Structures are given as structure tokens and as C-alpha cells.
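Take a look at the structure set out below.
The values are calculated or read from the model by the stated rules, or taken from the named source; none is laboratory data. Computed from a prediction, not measured in an experiment: that's the story for all the values here. When we count neighbours, we look across all protein chains shown, and the Cβ atoms used for this are built from the backbone with ideal geometry, even at glycine. Note: accessible area is taken over every heavy atom of the protein model, side chains too, but ligands, DNA and RNA are not part of it. Shrake-Rupley method; radii C 1.70, N 1.55, O 1.52, S 1.80 Å.
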Amino acid sequence: MCCSINAQTTKVEFLSDNHALLRVNPTQRYLLLPVQEKEEMANIRVVANNEMLQSMNVRLAVDKVDYFVPLDLQGVKAKEVLLDITFHGDRRTTGPVKDFASWREIRLSASFDASNRERFRPAYHHTPVYGWMNDPNGMFYKDGVWHLYYQWNPYGSQWENMTWGHSTSKDLIHWEAQPTAIVPDALGTIFSGSCVVDNNKVVAYYTSAGQHQTQSMAFSEDNGMTFKKYEGNPVLTSDVPDFRDPKAFWNEEIKAWNLILAAGQEMRIYSSKDLKQWKYESSFGKEYGNHGGVWECPDLFKLDNKWVLLCNINPGGPFGGSATQYFVGDFDGRKFTCESMPKVTKWLDYGKDHYATVSFYNAPENRRVVLAWMSNWQYANQVPTKQFRSANSIPRDLGVFSYGEETYVSVVPSKEMLNVRGNKIKKPTETCEIVVDLKGNSEIVLSNTKGEQVVMTYDGQKQTFTMDRKKSGDIAFSEAFPVETVAPTYGTVKQLRIFIDRCSIEAFDTDGKMAMTNLVFPSEPYNTIKVKGGKATIYQVNY
């Protein structure tokens, strides 16, 4: 059976109750694919001249269209493009495949409208233009430009089809979307990784997620705008199922390259002289820290005279789901030695929405600048946006401080955030910075006319900071969302900096001893603040 769609797409042929062929005359740049998020995945194999160009999974619309995603046909040299589509799941409850909404709605277009349609899209945080985003990847600084790659799904706003998206910035605040950087291939989709700069060439390492997870590399000779994959991929393999997220860096102390990656619930460390041949040196993690979930997205760097190992874990976070833990110690280029007792667990951020934290390679002024994915795996696919999902945190600079017998990592907003601080205003807005000078025990309540509120409490005796979002707005999309998060302050807090950006609240002790990041989805912006035990100064954020 076949039917005509329109003059541009010639016809669709139905081969069975879950299999169709769509023939497209590529007279326009984009084929707009209709997505319905509640549906099961359909696998689409894109074929031209009898060769498969790509394969992706898309939740093609059955009953109605939530939004469209673009399949870019530019560069396809063929009179006809064939989409070989297989629907997964039980289709008998949704009617015949020939009646699916997809066939009525799919269309060719000269352009794709990516203008914002989401009231919860942050103003001064990095977000993808459209589609799903999770871990920040491959971040580096070169020639005055900050490069951010990220886990991206170009074909939907839920996790799938992992690809490296790419954005650049000159100030860590305003980001410009760049063309897709690294796309899936025969070895698998493209999971998280890192970039280094060597002899003016950018070298990327990433996980190829196929039948097994292996590590691959790619080179760029145009400052990270395009990459050529290494013909000898993969460069690292293992028999461990969860084997991913390589973070490479130059170690001046041993005059060689190091690489750390996650393998199950430990981190493996390698060394190399040429960035191609990697020697296994040691593993770290057994019995240390939190093991409530899989270890992921490591980073290893020196701060002052200490070495810090970042270890992102999911689940196992202090309030459920994903979070970033870390270890402080020594590293000789081969083995990391933690200075704390094995059972000591340290969290970089005590909010619910701070994960996959990694640092920029080659940041200026010897700074250690990090970004995190601002969500939680417990509900990241369900948050109330559709055109896009997820943002990155504001940039943060790391340092170290001592309290008692332990060394901790300090977290402060990067100095670039001061550059966007505007005039003082009287009331909170959906995009503002609030500086609160504390006089002791304090309570800060943000609220709106709908009765929605976020309550933040500082207890000087207990040395804790708490944020309660159980009445913050829309909390119905996940039972794991309404929560109160609590952070130790490691001493007295005298001043807080609180950043609000439409769907997020990030609170910092000005001295860097506490950070807390939580999403919120109020039905209208919080426009009232009440402070007990302190004084608030509110600033516009100029974006």
C-alpha cells in the first residue's frame, strides 16, 4: 500500500503494521520530522544512492505533533532520499500505521524555525538552540574563545542519538551555536569526552557507544570547528560494560599526557607520550566515597598544591539521583592518592540539579573554570519544556580551603558574572542576582502572587544552608522533584549570592564554602522577597 503526501515528498509505502518507506525528493534543505514525546521510538535509516547516510531514533507522531525536528538534507547528492522507518512497540492500540499523524505533518522546508517558544528557557545560561542536552563535553579555551561541546540529541528533546553539539563564547555568558561537531558512526553514538590543545591542533577524546563502550579520538585543525576521526579508532577498549568519559590533560610534572576515565565504579588512569598510545597506570575508587551508582565524567587537576579528582555519580546523590562528588589528594602522574579516609564523601554542590561537572582545558590565568549540567537524571526527560531540555550552570571557579582536618574544594561564580551585574532594583525578577548580607540565623523567602515560594534558611549553629522547593511551582511531573536540599557551610556564612534565571536558583556562599543549584518552574516569576536576619540587595542581570 502507498499514498501520496504532497508534491515534494513523492510517497510513503506501508510494508507492514510497523514498517514504512518514505521517498523524498530533496528540493529543500530540511525535512521536518513531527515528534510526539509520549510515543515509542521509531528507527529511521536515511538512504541515498543505495547507501545508508545515517540512522537515528525519533518519536514520530502518531496522534498529534508536539514539535518538529529537522533532518538536514544539504549536501545529499541524490534525486531521491529514502527513509526506511521501523516503529517499535505495540501499535495495535493506536490504529493502522497508514493513519499516523506523521504522514500528514512531515514536510520539506527551506528553513527551520529555532526561535524560542519556551517561557522557562534561561536567559543567561547556556542552552541548546533546540533538542535535548546533557553532559558538557570537550571544553577548552583557545585564542580568546571558550569552546563548549555537549551531549546532544538533534532529533528530539529527550535523551537519544548522542552527538556532540558545539557552542562558543568570548565571555562565558553569551554563547553562539556552532555546527554539529562529532556525529555517530559505525562504532556507535558519541558519548562524553574531552579536548586538549597540542601544537595548535585540537584533539578530542570521546566514548564510542556501540555494542560495547570504547574510546575514540578525532583531530581538528580549525580550532575545534570541524573534526576528522582517527583512522585507528578505537584507541582504548575494555571488558567493563560502563567504560566511558575520557578526560585527557597535559601533566607538566611528568612531561607527558594523562587520561582518566570511568570504568564501572572506579576511575582508571593512563599516560601517553603521543596522545595515541595509552599505557594503563592505576585505578582509584575502591571503597572510597559514595558508590550508590555508576561513576561517570571524571576530571583530575591541580589546585594550589593539591590534586582534585571529580567523580560524577548516578544515582547516589545526597538528595537522590545524580550529583558530583570529589576527592582531594596527591597525584604523581601514575597514581592518585586520596588524603581522606575512604568513607569520607564530599559533594561539590548540594543542590538537586548539578551533574557532570568538568573543567575547561587551558583556561587563562591558571584558572580552573567548570560547568555542570543543570538537571537530574531522576526527571530530566520530564521537566516542563519541549522545544529544548536542560541548561548548563553558570560558570564557576574552583579553589581549595581547609576546615578542621579536611581540605575542601571552594566554588564561586566566575568573575565574568560580575560583568553582567546591572543596576539595583527593588523587587526580584525572573532574571536577577540577589546579594544577601547575613547577620546570623536567616530565612529568605522568594514568592509570587500564586502562593508559590522557595524558602532558603541559614542556621549558624548547625552550620547548614537549606533550600526548600516543595511549593516552588510545577512539581507534578516527578515525585522526585519536590525536595528540601541541605548543605554544610563549613563555618560562618556572612554573605550569599543567589542567581535566578527563569527556571533555576543557584546559591553561593561568597567565600566559596557552599554551593547549591536547584531547578524551579513557577507559574509566574517570583516577584517578592522577604528576609529575616539579613539584608538583600537585588541587581538586574544584563544579558
Show the residue pairs meeting these rules: Cβ distance below 8 Å; 6+ apart or different chains; first residue within region 148-160 and free of Cβ contacts under 8 Å to residues at least 24 places away in the same chain; second residue open to solvent by less than 20 Å² (accessible area, probe 1.4 Å) and small (Gly, Ala, Ser). Asn153/Gly131
For the structure I just gave you, tell me whether Phe120 is part of a strand (DSSP E or B) and either at pLDDT 95 or above or not charged (D, E, K, R) (or both). no
Being modelled with pLDDT under 95 and either within 24 Å of the chain's Cα centre (by Cα) or among the basic types (Lys, Arg) (or both) narrows it down to one of Pro246, Pro241, Pro298, so name that one. Pro241
Which residue, of Val454, Val445, Val435, Val409, is buried (at least 16 other Cβ atoms within 10 Å of the Cβ), at pLDDT 95 or above and farther than 28 Å from Leu172 by Cβ? Val445
Please pick out the residue among Asn57, Asn50, Asn134, Asn116 that is within 22 Å of the chain's Cα centre (by Cα), open to solvent by 60 Å² or more (accessible area, probe 1.4 Å) and not aliphatic (A, V, I, L, M). Asn116
Being in contact (Cβ under 8 Å) with a residue 60 or more places away in the chain and of a type in the set (D, E, K, R) is the filter; apply it to region 292-307 and report the residue that is farthest from Asn362 (Cα to Cα). Glu296
Ser194 fails exactly one of (1) open to solvent by 30 Å² or more (accessible area, probe 1.4 Å); (2) among the polar types (S, T, N, Q); (3) within 24 Å of Pro364 (Cβ to Cβ), namely (1)
By residue number, the members of region 433-466 that are outside any loop (DSSP other than H, G, I, E, B), polar (S, T, N, Q) and touching a residue at least 24 places away in the same chain (Cβ under 8 Å) are Asn441, Ser442, Ser447, Gln453, Thr464
Determine whether Tyr230 is under 22 Å from Lys335 (Cβ atoms) and modelled with pLDDT of 95 or more. no
For residues that are on the phi > 0 side of the Ramachandran plot and in contact with a Pro (Cβ under 8 Å, 6 or more places away or on another chain), scanning just region 466-512, find the one that is surrounded by the fewest Cβ atoms within 10 Å (Cβ to Cβ). Arg502
All but one of (1) surrounded by 17 or more Cβ atoms within 10 Å (Cβ to Cβ); (2) farther than 16 Å from Pro234 by Cα; (3) not acidic (Asp, Glu) hold for Trp278, so report the exception by its number. (2)
For region 221-238, the count of residues that are assigned to a loop (DSSP other than H, G, I, E, B), within 24 Å of the chain's Cα centre (by Cα) and free of Cβ contacts under 8 Å to residues at least 12 places away in the same chain equals 0
Need the failing condition index for Glu416 against (1) surrounded by fewer than 16 Cβ atoms within 10 Å (Cβ to Cβ); (2) out of contact with any strand residue (DSSP E or B) (no Cβ under 8 Å at 6 or more places or on another chain), just the number. (1)
For region 151-167, check the following and say yes or no: at least one residue is more than 23 Å from Pro70 (Cβ to Cβ) and in a strand (DSSP E or B). no
Can you tell me which residue among Tyr490, Tyr526 is at pLDDT 95 or above, within 23 Å of His126 (Cβ to Cβ), part of a loop (DSSP other than H, G, I, E, B) and over 23 Å from the mean Cα position of the chain (by Cα)? Tyr526
Flagged in region 362-382 as of a type outside the set (Ser, Thr, Tyr) and either open to solvent by less than 10 Å² (accessible area, probe 1.4 Å) or under 12 Å from the mean Cα position of the chain (by Cα) (or both), in numbering order, are Val369, Val370, Leu371, Ala372, Trp373, Met374, Asn376, Trp377, Ala380
Flag if Ser271 is modelled with pLDDT of 95 or more, among the polar types (S, T, N, Q), closer than 19 Å to Gly329 by Cβ and open to solvent by 30 Å² or more (accessible area, probe 1.4 Å): no
Could you run through region 21-47 and say how many residues are among the hydrophobic types (A, V, I, L, M, F, W, C) and open to solvent by less than 10 Å² (accessible area, probe 1.4 Å)? 8
Wholly within region 308-400, strands (runs of 3 or more DSSP E) carrying at least 3 residues that are in contact with a strand residue (DSSP E or B) (Cβ under 6 Å, 6 or more places away or on another chain) and in contact (Cβ under 8 Å) with a residue 12 or more places away in the chain: 323-331, 355-359, 369-373
Please go through region 487-543 and give me each residue that is under 20 Å from Ser393 (Cα atoms) and among the polar types (S, T, N, Q), ordered by number. Ser504, Thr510, Thr517, Asn518, Gln540, Asn542
Go over the candidates Glu281, Glu287, Glu253 one by one and state the one that is in a strand (DSSP E or B) and more than 23 Å from Asp135 (Cα to Cα). Glu281
